[in-house]
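The values are calculated or read from the model by the stated rules, or taken from the named source; none is laboratory data. What you see is a predicted model; the values in this text were computed from it and never measured. Glycine also receives a Cβ, built like all others from the backbone with ideal geometry; neighbour counts cover every protein chain displayed.
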Amino acid sequence: MSKFIELTITTSHEGADVISDMLWEYTDSGVVISDIEDVIALDREGKTWDYADESIFKQDKTVLIKCYFPVDTANKSIKLVEKRLIDFKAGEFLDFGTLETAKREIDGDLWREQWKEHFKPIHIGKIVILPEWIKYQKKEEELVVLLDSNMAFGTGEHETTSMCVEFLGELVRKEDVVLDVGCGSGILGITASKLGAKEVIMTDIDECAVTATEHNMKLNSITNGKVLLKNLLDDNTVKGNVIVCNIMAEVLIAFAPHIGKNLLDGGKIILSGILVDRLSAVKQAYLEAGFNFVKEKIKGEWSALVMSKN
């Protein structure tokens, strides 16, 4: 039986997604987030559990993120992760909590199967996000987006991704060129293609994300898309009718004065990854850059915007 090193990182609800996305850059063996806020959110929505001890609602709201590395490569990977954690702790854009770490050795084969059991089909309107190993009988009106077991950088489970998928369903038309900035797994660009976009162009500055997107494009038989290893803002020849950016608020604000050159006249930009308390700052940055407000969504602590260009 293969052995793995389990690395556990203590962080905050606010920092959990950034930390988990970072971890996917160093492992394809699994990342799991344990966040009591997810249980509390379900309780607020009136979704009940067979049994939930009342004491869990009074617990400390720290988040535990576990990730897994093969024993033979663990030391090198964990050192790289720990260096990134030092950088996060030194930054001021989010409260990441303590970022304390703990390690232990576990049996890997059992873990792999348990990890796969965590993922189920995710339904977002007529889009179904489906782990590629699950057998699923789709309904006639459904559009299935397959993702490999290395479901890095966006799976549809998180509110930021699901709001982007919903907005794409509302905005994408058959003659549209759609740009997915910071494509991660490629879930949003692939979704746009499934929705009928004429062409999808996906960009990321992370080689792991580009590799994951190319692989997931093949899984979905996407022939009208391409993936570029670049910062979109460095190339004003790449233009689209719809741009979707699921990135943290500070990066979106930095994009505001520049990204308009990549948007065709009359086009729309979907902005997500925005904590609710940063929504007004992001909106104001795009208004000042000459965009018009179209609509917004809020789910839990997260929000998304659609802005347009005349």
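Restricting attention to the stretch 241-268, which residues are touching a Phe, Trp or Tyr at 6+ places or on another chain (Cβ under 8 Å) and closer than 14 Å to Val200 by Cα? Selection gives Val244, Cys245.
May I ask you to verify whether Leu252 is of a type in the set (A, V, I, L, M), buried (at least 20 other Cβ atoms within 10 Å of the Cβ) and without any contact (Cβ under 8 Å) to a residue 60 or more places away in the chain?
For Leu252, the condition - of a type in the set (A, V, I, L, M), buried (at least 20 other Cβ atoms within 10 Å of the Cβ) and without any contact (Cβ under 8 Å) to a residue 60 or more places away in the chain - is met.
Within this structure, Gly154 passes the test of being part of a loop (DSSP other than H, G, I, E, B), small (Gly, Ala, Ser), under 25 Å from Ser308 (Cβ atoms) and at pLDDT below 85. On inspection, Ser280 qualifies as free of Cβ contacts under 8 Å to residues at least 24 places away in the same chain and of a type in the set (Gly, Ala, Ser). Against the test of being at pLDDT below 80 and not assigned by TED's automatic domain parsing to the domain that holds Val251, the options Glu14, Glu105, Glu45, Glu82 yield a single qualifying residue, Glu45.
Being of a type in the set (Gly, Ala, Ser), outside the structural domain of Met22 (by TED's automatic domain parsing) and more than 25 Å from Thr27 (Cβ to Cβ): is that true of Ala197 here? The answer is yes for Ala197. Comparison of Thr213, Thr237 shows that the only residue that is crowded, with 16+ Cβ neighbours inside 10 Å and either in the same structural domain as Gly186 (by TED's automatic domain parsing) or farther than 19 Å from Cys164 by Cα (or both) is Thr213.
Within the stretch 268-291, not a single residue is among the polar types (S, T, N, Q) and touching a Lys or Arg at 6+ places or on another chain (Cβ under 8 Å).
Of the residues making up the stretch 226-276, just one is in a helix (DSSP H, G or I), touching a Ser or Thr at 6+ places or on another chain (Cβ under 6 Å) and of a type in the set (Val, Ile, Thr), namely Val276. Listed by first and then second residue, the pairs linking a residue in the stretch 1-24 that is more than 20 Å from Trp302 (Cβ to Cβ) to a residue that is among the hydrophobic types (A, V, I, L, M, F, W, C) and in a loop (DSSP other than H, G, I, E, B), with Cβ atoms under 7 Å apart and 6 or more places separating them unless they lie on different chains, are Ile9/Leu99; Thr10/Leu99.
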